[in-house]
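Right, one structure below, let's go through it.
The values are calculated or read from the model by the stated rules, or taken from the named source; none is laboratory data. Treat the numbers as computed from the prediction; the structure is a model and nothing was measured. As a convention, Cβ positions derive from the backbone with ideal geometry for all residues, glycine included, and neighbour counts pool all protein chains shown. Only protein heavy atoms, including side chains, enter the accessible area calculation; ligands, DNA and RNA are left aside. Shrake-Rupley method; radii C 1.70, N 1.55, O 1.52, S 1.80 Å.
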Amino acid sequence: MNTSDLLARSLQAVWHPCTQMKSHETLPLLPISRGQGTWLFDEAGKPYLDAVSSWWVNLFGHAHPRINAALREQLETLEHVMLAGFTHAPVVELSERLSALTGQRLGHCFYASDGASAVEIALKMSQHYWRNLGQPQKNRYLHLAGSYHGETVGALSVTDVAIFRTAYAPLVRDNDVLPSPDARQAEAGETAPAYARRCAAALEAHLAKHHAEIAALIVEPLVQCAAGMAMYDAEYLRQARAICDRYQVHLICDEIAVGCGRTGTFFAVEQAGIWPDFLCLSKGISGGYLPLSLVMTTDTVYQAFYADEISKAFLHSHSYTGNPLACRAALATLDIFRDDEVIQANHQRAAQLTALTQILGLQSHPKVRNFRQQGMIWAFDVMTEHPEFARRAFAQALQQGLLLRPIGNTVYFMPPYILDEAAMQLLVSGTLQMLEATLKELGDQGA
Ligand SMILES: *Cc1c(COP(=O)(O)O)cnc(C)c1O
């Protein structure tokens with residue numbers, strides 16, 4: 001297939017995700033033929049720095065030799081077997097190693113394939129737990145303003161992003177939305193922890209009234225990524241944990257985007273010194289290789305389902321639950337974390353990239369506001385109201401050999417954990433050039 005053939009046939013036969021297909025009349029698709037490390041290569045051989053880790057999933061670059069080798073070996077032994085009534089070494093080892101990372105507090109892992117399904121599982125498990133305890137009226141959920149938990153119908157019921165939700169309103173149950181501790185919304189002179197406490201007080205006030213009908217609060221710890229990398233103080237999580245305990249409400253932590261080292265610790269909740277009742281993982285857990293998601297929960301939750309009656313059991317399932325290849329990729333990913341001391345190395349890497357953004361003048365750029373960083377996530381807001389900014393910036397970044405995908409007027413970096421100094425230079429200088437070109441194109445430069 002030559003390139004123009006590939007593009008035409010893709011537009012005809014493939015309905016691409018999160019895309020108004022008509023926009024491809026002016027913005028061409030990018031045909032990728034291979035990946036290596038932080039780089040993706042198009043059909044013509046042009047390299048692109050994958051600064052968003054291919055939608056936040058890739059941790060150690062493309063075609064990683066150790067993950068490749070682990071997958072080849074697994075492929076020769078067992079590609080898949082159903083997980084009801086059967087088991088296999090990769091799923092057992094993965095569950096044990098993840099639970100060890102929580103100090104055995106979250107000692108039971110339930111598997112699915114995508115992030116939204118993990119959220120569905122956590123929501124269903126929480127409600128079913130209360131039902132098994134004789135409290136079926138506890139069946140509502142609380143979520144935060146700007147929250148994103150996936151796009152299946154249940155996950156949308158705790159997602160507060162209008163463009164994903166509005167068209168499906170008749171299908172989606174309305175749950176109550178609480179103020180987000182997004183530090184940008186603090187008042188002048190108010191610190192991020194103080195603002196977090198103010199938001200926690202709103203949670204407490206809500207639960208004082210409604211706890212009898214609420215199963216769980218669901219949050220994205222430390223960073224609400226899809227909202228445009230809204231970062232908040234860990235104090236909110238500490239307070240939320242205590243308040244949920246006080247009112248007998250579960251805390252679900254959706255670490256699909258922020259887990260696996262992304263925020264500077266393996267689990268983001270470690271920075272608050274708390275553990276949730278349910279923790280959802282996906283995206284990076286397989287190193288960005290294969291669809292895999294899971295929900296980790298406590299022995300208390302597990303025991304509430306352990307009974308003679310089948311109706312008390314959690315009967316949820318997906319065809320590829322616990323797929324051995326995906327679990328093996330995850331085990332290889334955890335090996336890399338351990339052997340390469342990745343969390344430690346990332347602290348250095350993050351400081352280096354942050355310093356570059358200062359040295360090269362990105363932080364002080366006249367159109368840049370709210371420059372922020374948490375672990376291996378960097379974001380800033382661009383002073384523009386132009387509705388086309390994200391799309392034009394994406395296209396301009398490609399010209400610079402950068403894969404960036406701004407959210408509204410927020411530009412962010414979420415690179416793989418292998419970025420070297422040359423790639424950092426290119427990322428920051430390319431971003432500056434992208435900004436100049438985009439603002440010029442939009443006629444915003446002097447505005
Ligand atoms: C991506 C994401 C999801 C959904 O995961 P999918 O695999 O896309 O279904 C849920 N929650 C958060 C926080 C995410 O970033």
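Using the heavy atoms of the protein chains alone and a 1.4 angstrom probe, what is the accessible area of the chain per residue in square angstrom?
Details: 19680 Å² over 447 residues.
Result: 44 Å² per residue.
Putting +1 on Lys and Arg Cβ atoms and -1 on Asp and Glu Cβ atoms, find which of 45, 355, 210 reaches farthest to the positive end of the dipole of the chain.
Value: 210.
Using only C-alpha positions, report the orientation-averaged shadow area of the convex hull of region 13-66, nm², one decimal.
Working: hull surface 19.4 nm².
Over every viewing direction, the Cα hull of region 13-66 projects on average to 4.9 nm².
On C-alpha positions alone, give me the angle between the axis of helix 389-399 and the longest principal axis of the chain, in degrees, nearest 10.
In the chain, helix 389-399 runs at an angle near 60 degrees to the longest axis.
Ignoring ligands, DNA and RNA, what percent of the 1.4 Å accessible area of region 1-137 is carbon and sulfur?
On the way: 4240 of 7440 Å².
About 57 percent, which is the carbon plus sulfur part of the accessible surface.
How much mean residue ellipticity at 222 nm does the chain get from its helices, if each DSSP H run of length 4 or more adds -39500 (n - 2.57) and you divide by all residues, to the nearest 500 deg cm²/dmol?
-12000 deg cm²/dmol
Students sometimes get this wrong: rank 254, 335, 420 by accessible area, probe 1.4 Å, all chains present, largest first. Write out the running numbers ahead of the final one.
Details: 254 10, 335 40, 420 90 Å².
Ranked list, largest accessible area first: 420, 335, 254.
Report D for region 345-420 in µm² per second (integer): Stokes-Einstein, Kirkwood Rh on Cα pairs, 37 °C, 0.692 mPa s.
250 µm²/s
Using only the alpha-carbon atoms, how far is helix 324-339 inclined from the longest principal axis of the chain? Give it as 0 to 90 degrees, nearest 10.
Helix 324-339 sits at roughly 70 degrees to that axis.
From the residues 172, 266, 231, which one has its Cα farthest along the dipole of region 68-339 in the positive direction, the dipole being from +1 and -1 charges on Cβ of Lys/Arg and Asp/Glu about the Cα centre?
After comparing all options, I get 172.
Quick one: compute the contact order of the chain, relative version, from alpha carbon pairs under 8 angstrom and 6+ residues apart, as a percent. Working shown, then result.
Values: 799 pairs, mean separation 90.0, N = 447.
Reported relative contact order: 20 percent.
From Cα pairs below 8 angstrom and at least 6 apart in sequence, can you work out the relative contact order of region 274-319, rounded to a whole percent? List each step's numbers first, then the result.
Values: 34 pairs, mean separation 12.6, N = 46.
Contact order relative to length: 27 percent.
Starting at the first residue of region 138-150, write each ³J(HN,Hα) from the Karplus equation 6.51 cos²θ - 1.76 cosθ + 1.60 with θ = phi - 60°, in whole Hz, x for Gly and Pro.
For region 138-150, the Karplus-derived couplings read 7, 9, 10, 10, 10, 9, 9, 4, x, 5, 9, 10, x Hz, x marking Gly and Pro.
Exactly which GluC sites (Glu not before Pro) in region 75-168 are in a DSSP loop and have at most 12 other Cβ atoms within 10 Å?
79
Using +1 on the beta carbon of Lys and Arg, -1 on that of Asp and Glu, and nothing else charged, what's the dipole of the chain about the Cα centre, debye to 20?
400 debye
Taking only the C-alpha atoms, wrap a convex hull around region 129-247 and report its volume per residue in Å³ as a whole number.
Convex hull of Cα atoms, per residue: 106 Å³.
Going Cα to Cα from residue 440, which lysines come in below 22 Å? Please leave out same-chain ones fewer than 8 positions away.
367
Which whole-number percentage describes the relative contact order of region 140-274, with Cα contacts under 8 Å and a sequence gap of 6 or more?
25 percent
How about region 288-369: which chymotrypsin sites (Phe, Trp or Tyr not before Pro) there lie in a loop by DSSP and see at most 15 other Cβ atoms within 10 Å?
Here the chymotrypsin sites (Phe, Trp or Tyr not before Pro) that fit, given the DSSP loop and packing criteria, are 306.
For region 68-339, what is the largest minus smallest coordinate of the Cα atoms on each principal axis, given in angstrom and ordered from greatest to least?
Answer, in whole Å and largest first: 59, 44, 39 Å.
Can you give the extra length, in nm with one decimal, that the chain gains between residue 99 and residue 184 once fully stretched, where that is 0.36 nm per residue apart less the Cα-Cα distance?
Separation in residues times 0.36 nm, less the Cα-Cα distance, equals 27.2 nm.
Rounded to the nearest 5, what % of DSSP beta bridges with both residues in the chain are antiparallel?
Within the chain, antiparallel bridges account for around 65 percent of the total.
So which of 138/209; 138/312; 124/312; 138/283 end up more than 19 Å apart, counting from Cα to Cα?
Check vs 19 Å cut-off fails for 138/283.
Considering only DSSP states other than H, G, I, E and B, which GluC sites (Glu not before Pro) in region 197-257 qualify as loop sites with at most 12 other Cβ atoms within 10 Å? List each step's numbers first, then the result.
Working: sites: 204, 213, 235, 255; in loops: 255.
Answer by residue number: there is no such site.
Angle, helix 421-441 long axis vs. longest principal axis of the chain, Cα atoms, 0 to 90°, nearest 10?
Compared with the principal axis, the helix lies near 70 degrees.
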